[in-house]
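Chemist: Shown below is the structure under consideration.
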Amino acid sequence: MNAKVIEIIKCAAFHESGHILMAYLMEWSVKEVKIVLNDEDLFENGVTKYDYAEEQSFINLVSNYRNEIPYFNSLNETQKENCFDVAEKRLYTVMGGPISEKGYLIGNNTRSWVIDRTDIRKCDDRIYFTFEEFLKENNPNFDINFFDNNTKKFAKWMSKEEVWHFINTLAHELISARNYVMTNIQVEDVLTRNGYFDYLDKLRNRHNIQN
C-alpha cells in the first residue's frame, strides 16, 4: 500500500473518530464505523452508523421534513422544541468529523482547526444542509451564526490534550481494524479503555464544556 493510500485512510479514520466522539457527547451511540477504499480512484468514504435511541423518531422527522410538514405543524410546542434540540445535536455531530480531520492535518495550532463549509465533505454537507434548513425555517431562535460559533467552540474543545488523546486512540484502532471496520462493541471498548466515558461522566456533572 503506497503512502498516498495510507494518508487517505488516516484522514478518514480521524474524520470518523471526530464524528464518534461527538455522537457520544450528544448521548447517542455508534452501531458501526468503517472506511471504504476504492482502489481505482483512491476515493475513501467513511461511514458511521449511529444509534439515536429514543430520539430516532425526531431524526427521521427532520430528515424527511419536506414530506412531513403537516405532521410537524401538528406537534405541540414541547415536541417541536425536541425536534430543534435533536437537529442541533445532529449538526454538532457532523461538525466533529471535519474538525478532527483538520486537527490531524494541521497539528497543534488551535486557530487553524476552525473549519468553514468547504471543509465539510459532500455526504456530510447534504446532512448538514437538511438539518440547518429545517432549523432556519422553523426555529425563530436559531442562531444565524450557529456554524461559526460552534465550530470554534468544538475546535477548541477537540484541541485539548485530553480530548485529542481520545480521538487519536480511536483513529489508530480504526486504522488497525480488520477491513477498517469496528462494531459497537469494539468502539465502546476503546472508549472505555482510553477513559472517554469516565471523562463524559465528569463533564456532564459540570453541565457544559468548560472553556
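The values are calculated or read from the model by the stated rules, or taken from the named source; none is laboratory data. Just so it is clear, the model here is predicted, and its values are computed rather than measured. Cβ coordinates were reconstructed from backbone atoms using ideal geometry, including for glycine residues, and neighbour counts include every protein chain displayed.
Chemist: Any idea which residue in region 92-107 is farthest from residue 17 (Cα to Cα), counting only those that are in a helix (DSSP H, G or I) and among the small types (Gly, Ala, Ser)?
Modeler: Checked region 92-107; the qualifying residue farthest from residue 17 (Cα to Cα) is 103.
Chemist: Moving to a separate point now. Tell me yes or no: at least one residue of region 37-44 is surrounded by fewer than 17 Cβ atoms within 10 Å (Cβ to Cβ), touching a Lys or Arg at 6+ places or on another chain (Cβ under 8 Å) and modelled with pLDDT under 90.
Modeler: Yes: region 37-44 contains one or more residues that are surrounded by fewer than 17 Cβ atoms within 10 Å (Cβ to Cβ), touching a Lys or Arg at 6+ places or on another chain (Cβ under 8 Å) and modelled with pLDDT under 90.
Chemist: What is the one condition in (1) farther than 29 Å from residue 9 by Cα; (2) without any contact (Cβ under 8 Å) to a residue 40 or more places away in the chain that residue 62 does not satisfy?
Modeler: Of the numbered conditions (1) farther than 29 Å from residue 9 by Cα; (2) without any contact (Cβ under 8 Å) to a residue 40 or more places away in the chain, the odd one out for residue 62 is (2).
Chemist: Report whether or not residue 46 is among the small types (Gly, Ala, Ser), within 13 Å of the chain's Cα centre (by Cα), under 25 Å from residue 30 (Cβ atoms) and outside any helix (DSSP H, G or I).
Modeler: In short, yes.
Chemist: For residue 89, are the conditions met, namely being modelled with pLDDT under 95, outside any loop (DSSP other than H, G, I, E, B), of a type in the set (D, E, K, R) and crowded, with 20+ Cβ neighbours inside 10 Å?
Modeler: Answer is no for this residue.
Chemist: For the subset of region 93-121 comprising residues that are of a type in the set (Lys, Arg) and more than 14 Å from the chain's Cα centre (by Cα), which member is modelled with the lowest pLDDT?
Modeler: Once the filter is applied, the top-ranked residue is 111.
Chemist: Also: What's the number of the only condition in (1) under 23 Å from residue 197 (Cβ atoms); (2) surrounded by 14 or more Cβ atoms within 10 Å (Cβ to Cβ); (3) more than 16 Å from the chain's Cα centre (by Cα); (4) not acidic (Asp, Glu) that residue 82 fails to meet?
Modeler: (1)
Chemist: Quick check on residue 8: is it out of contact with any helix residue (DSSP H, G or I) (no Cβ under 6 Å at 6 or more places or on another chain) and modelled with pLDDT of 90 or more?
Modeler: no
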